[in-house]
1. Of the residues L59, L93, only one is out of contact with any Cys (no Cβ under 8 Å at 6 or more places or on another chain), among the aliphatic types (A, V, I, L, M), closer than 20 Å to F47 by Cα and open to solvent by 20 Å² or more (accessible area, probe 1.4 Å); which?
2. Please go through segment 108-139 and give me each residue that is closer than 21 Å to F74 by Cα, without any contact (Cβ under 8 Å) to a residue 60 or more places away in the chain and assigned to a helix (DSSP H, G or I), ordered by number.
3. Assuming I125 fulfils every condition listed in (1) open to solvent by 50 Å² or more (accessible area, probe 1.4 Å); (2) more than 27 Å from L27 (Cα to Cα) apart from one, which condition is it?
4. Does L276 satisfy the condition of being closer than 25 Å to K231 by Cβ and surrounded by 15 or more Cβ atoms within 10 Å (Cβ to Cβ)?
5. Is it the case that L179 is at pLDDT 90 or above and closer than 30 Å to V95 by Cβ?
6. Quick one: how many residues across segment 78-103 are among the aliphatic types (A, V, I, L, M), outside any helix (DSSP H, G or I) and under 17 Å from G123 (Cα atoms)?
7. Mind checking which residues of segment 290-319 are assigned to a loop (DSSP other than H, G, I, E, B) and open to solvent by 50 Å² or more (accessible area, probe 1.4 Å)?
8. Can you name the helices (runs of 4 or more DSSP H) wholly within segment 164-262 that have at least 3 residues being open to solvent by less than 40 Å² (accessible area, probe 1.4 Å)?
Amino acid sequence: MRRLKKKQKKYTTFDNVVIFPGTVEKLIAQAHEFVENYQYDLANKNFEEALKYTEGDELTLSVYAYSLYETKSFEKAKDVCERLLSIGPTMYLEVMELYLTICMQLKQFKQVESIITSLLEEGAIPEEQIEKFERLKDINANIAGNVVKQEEPVKNHNDVDPELFNLEQFMSLSPSKQLNTVHELTMLNIRPIVPQLKAIIENEKTHPFIKSIVLILLVEQQVDIHLTISKFDKVMTVNPSKLELPTKMPQYTQVSKVVVEKLEKEPSTLEMVEYLIAKHSIVTYPFEWLSYDSEDVAISYIDFVKTMFGSVHEMDYELVEFLQNLEKLTELQEV
């Protein structure tokens with residue numbers, strides 16, 4: 001009688017190590033279970049072991065990248081995201097948002113700005129999310145020092161052309177040209193043109209951001225003059241020689257303190273929030289954040305930045321909308 005041969009089991013080998021059937025699948029299944037129970041360190045060990053023997057599919061790599069992010073293993077998380085993006089995941093935008101968030105944690109702001117620029121040019125971002133990504137791109141570009149200001153040689157006051165600051169002439173320029181014109185005064189003695197600068201600040205039609213920049217120049221040079229400033233439906237009379245700079249104002253100090261306390265373990269988010277606070281404190285100067293409570297302002301800035309990362313949660317929408325309007329004003333838009 002013919003003897004039946006025993007069926008041979010197939011084994012996978014890796015660097016001369018025998019991998020039994022189902023081992024990889026079991027490691028990945030356990031890793032998913034660990035993630036569901038917030039045991040990210042254990043999950044990462046399983047994923048790392050499993051991915052020695054398999055390329056990993058979209059789901060596996062996505063969950064692994066997220067798990068690494070949760071344990072602040074940002075370099076590894078970035079590598080996994082890059083592997084995932086190379087295979088063209090079905091949830092491309094979600095993976096890309098995680099990748100950008102990881103880059104920001106690594107303070108790779110220039111890279112984030114470059115990637116978002118490419119995505120916008122390729123039309124890869126849905127229309128309803130374009131504004132969010134553009135704002136994120138601009139913030140990263142500014143933090144990275146992408147906008148390089150050319151150093152101008154120091155001039156003396158004779159180089160100031162008073163006619164440039166004649167109210168009618170000045171107001172005929174676009175806000176961006178007005179800003180460039182005012183920036184040229186930074187290293188100059190502005191006292192010979194103080195009457196012109198006073199007229200610009202007190203003019204109702206001057207853009208709020210331009211008013212602030214001119215006022216800051218007067219404060220920095222301790223010009224002793226009374227000015228009546230109106231913006232955001234408020235009016236204030238100030239003397240630049242007795243006024244603090246925006247980042248030394250009382251509410252700015254309070255808001256900054258709250259933000260630092262709440263974002264102690266999120267350094268990149270903190271950096272972006274501090275950048276926005278500093279920028280917006282200029283446009284509202286010298287009124288600060290109007291009648292809004294300091295802690296509410298701080299929390300709303302955190303919410304504002306986190307919405308850029310796709311986070312959706314309960315927030316003070318009125319205050320966040322106010323911050324969005326401030327952002328537009330810093331870009332010299334009208335709101």
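1. Working: L93 fails: closer than 20 Å to F47 by Cα.
None of the others qualify; the one that does is L59.
2. F109, K110, Q111, V112, E113, S114, I115, I116, K137
3. (1)
4. Values: closer than 25 Å to K231 by Cβ: yes; surrounded by 15 or more Cβ atoms within 10 Å (Cβ to Cβ): yes.
For L276, the condition - closer than 25 Å to K231 by Cβ and surrounded by 15 or more Cβ atoms within 10 Å (Cβ to Cβ) - is met.
5. Working: at pLDDT 90 or above: yes; closer than 30 Å to V95 by Cβ: no.
The answer is no for L179.
6. Step one: list which residues in segment 78-103 are among the aliphatic types (A, V, I, L, M), which gives 80, 84-85, 87, 91, 93, 95-96, 98, 100, 102.
Next, from what is left, pick out any that are outside any helix (DSSP H, G or I): 87, 91.
Of the ones still in play, those that are also under 17 Å from G123 (Cα atoms) are 91.
Result for segment 78-103: 1.
7. Initially, segment 290-319 is screened for residues assigned to a loop (DSSP other than H, G, I, E, B), giving 290-293, 309-316.
Across segment 290-319, the qualifying residues are S291, Y292, D293, V312, H313, E314, D316.
8. Numbers: elements: 167-171, 175-183, 194-202, 208-220, 250-262.
It comes to 175-183, 194-202, 208-220, 250-262.
The values are calculated or read from the model by the stated rules, or taken from the named source; none is laboratory data. Quick caveat: nothing in here was measured; it's all calculated off a predicted structure. Neighbour counts run over all protein chains shown; Cβ positions are idealised from the backbone, glycine included. Side chains included, ligands, DNA and RNA excluded: accessible areas come from the protein's heavy atoms. Shrake-Rupley method; radii C 1.70, N 1.55, O 1.52, S 1.80 Å.
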